[in-house]
Amino acid sequence: MLARREHSARELAGKLEARGYAANEVAETLAALAAKSLLSDERFCETYVHHRIAKGYGPLRIRHELAQRGVDAQLIEQGLEQADVDWRQHLAAVRAGKFGSRMPAGFPEQARQGRFLQQRGFSTEDIRRLFRNRE
């Protein structure tokens with residue numbers, strides 16, 4: 001499973017248990033993989049953050065998805081900081097990529113674009129600031 005992509009420890013444990021391996025076997029296997037540096041939540045977090053940023057997702061969604069995969073909150077924050085992304089510029093680029101460079105003319109279109117950006121994981125305040133600064 002690790003040959004295809006990085007996994008978090010919890011994610012890999014869940015997959016192994018779903019295939020019928022006993023919990024103690026899974027724990028031993030995970031410990032052995034971590035000792036050989038074949039399993040690393042830090043590396044998984046870093047890879048995941050960069051992948052999701054490239055796909056146009058924001059920090060709120062990335063943080064939530066990593067938490068669901070069992071990554072420690074401190075590692076998540078560290079991974080987001082190390083990504084060294086200007087989230088406001090990223091937000092503007094994601095909006096322009098989906099809707100073009102022209103800002104929305106009316107409130108209905110602004111609301112539609114705002115919903116899209118919220119689903120992508122950007123904060124409401126950053127979205128409002130983007131629309132306010134571009135009007």
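The values are calculated or read from the model by the stated rules, or taken from the named source; none is laboratory data. Since we're looking at a predicted model, the values are computed, not measured. Cβ coordinates were reconstructed from backbone atoms using ideal geometry, including for glycine residues, and neighbour counts include every protein chain displayed. Areas reflect the complete protein model, heavy atoms only, side chains present, ligands, DNA and RNA absent. Shrake-Rupley method; radii C 1.70, N 1.55, O 1.52, S 1.80 Å.
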Give me the one-decimal nm value for the distance between modelled label points at L38 and A67, 7 Å along each residue's Cα-to-Cβ direction.
3.2
What are the semi-axes of the equivalent ellipsoid for the stretch 9-74, taken as the square roots of 5 times the Cα gyration tensor eigenvalues, largest first, in whole Å?
25, 13, 9
If I take R0 = 30 Å and measure r between the Cβ atoms of A3 and A27 in this structure, what FRET efficiency does the formula 1/(1 + (r/R0)^6) give, to the nearest 0.05?
0.90
State the label only: which of (i) 118; (ii) 92; (iii) 144 corresponds to volume of the Cα convex hull per residue in Å³ computed from the shown model?
(i)
To the nearest 10 degrees, the tilt of helix 73-82 (Cα long axis) against the first principal axis of the alpha carbons of the chain is 60
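Under a 1.4 Å probe, what is the accessible area of the chain per residue, stated in Å²?
So the chain comes to 63 Å² accessible per residue, rounded to a whole number.
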Tell me, in nm to one decimal, what length is gained between F107 and Q74 on full extension, where the rule is 0.36 nm per residue of separation less the Cα-Cα distance?
8.1 nm
Over the chain, what relative contact order in percent results from Cα pairs under 8 Å that are six or more residues apart?
25
In the chain, what percent of the accessible surface is made up of carbon and sulfur (1.4 Å probe, ligands and nucleic acids excluded)?
48
Work out the P(r) tail for the stretch 62-135: percent of alpha carbon pairs separated by more than 19 Å, whole number.
40
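Sort 5-14, 81-90, 64-73 by packing, meaning the average of other beta carbons within 10 Å per residue, with the highest value first. Before the final figure, lay out each step's value.
On the way: 5-14: 18.0, 81-90: 12.9, 64-73: 15.9.
Ranking, from highest mean packing down: 5-14, 64-73, 81-90.
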Under 1.5 on a/c is rounded, so check that first for the stretch 1-44, then, if it is not, pick prolate when a/b is larger than b/c and oblate when it is not; a ≥ b ≥ c are the square roots of the alpha carbon gyration tensor eigenvalues.
oblate
Alpha carbons only, please: Rg and Dmax for the stretch 41-84, in angstrom.
8.9, 23
